[in-house]
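Notes for the one structure printed next.
The values are calculated or read from the model by the stated rules, or taken from the named source; none is laboratory data. Predicted model only: the values in this text are computed from it and were never measured. Methodologically, a virtual Cβ is constructed for each residue, glycine included, from the backbone with ideal geometry; neighbour enumeration extends over all protein chains shown. Just the protein is used for accessible areas: all its heavy atoms, side chains included, with ligands, DNA and RNA removed. Shrake-Rupley method; radii C 1.70, N 1.55, O 1.52, S 1.80 Å.
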Amino acid sequence: MEELMTFDEMQRRFKSEWVLVSDPEVDEHFHVVRGKVVFHSKDRDEVCRKIVDLRLQSSATLYTGTLPENTAIVL
């Protein structure tokens with residue numbers, strides 16, 4: 001799968017999933033605006049394994065659901 005989509009399209013199509021985006025276009029705040037969806041899954045570990053497999057030059061990982069309160073994200 002390599003489909004160019006906007007962030008809004010990703011949110012509608014992949015509800016509460018992790019989405020791996022290749023060559024993301026970002027706005028001035030570094031929010032992903034659009035990119036090529038190369039993989040998606042409800043399981044974050046599957047997406048992490050795919051990142052290693054594909055070795056993309058430029059990518060972003062997005063979650064399209066709502067994170068629970070008091071959740072910390074480590075980059």
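Here is how the numbers come out for the structure above:
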| read-out | value |
| --- | --- |
| Among VAL47, VAL33, VAL21: highest mean-square fluctuation, GNM of the chain, C-alpha pairs under 10 Å | VAL33 |
| Partner aspartates and glutamates for LYS50 [C-alpha distance under 14 Å; skip if fewer than 8 residues away on the same chain] | GLU2 |
| Loop-resident sites, region 17-74, for trypsin sites (Lys or Arg not before Pro), counting at most 14 other Cβ within 10 Å (DSSP) | LYS42, ARG55 |
| Amide N of region 40-69 lying under 12 Å from the label point, which is placed 7 angstrom from the Cα of ARG13 along Cα→Cβ | 40 |
| Positive-end residue of MET10, GLN57, HIS29, charge dipole of region 1-68 with Cβ unit charges | MET10 |
| Accessible surface, the chain, averaged per residue in Å² (probe 1.4 Å) | 75 |
| Chymotrypsin sites (Phe, Trp or Tyr not before Pro) restricted to region 16-65 and DSSP loop, no more than 10 other C-beta within 10 Å | PHE30 |
| Label-point separation, ASP53 to ASN70 (7 Å along Cα→Cβ), nm | 3.6 |
| Cα-centred dipole magnitude for the chain, charges only on beta-carbon of K, R (+1) and D, E (-1), debye, nearest 20 | 220 |
| Share of Cα-Cα pairs in region 1-43 lying beyond 13 Å, as whole percent | 49 |
| log10 of Debye I(q)/I(0), alpha-carbon scatterers only, for the chain at 0.25, 0.28 Å⁻¹ | -1.30, -1.47 |
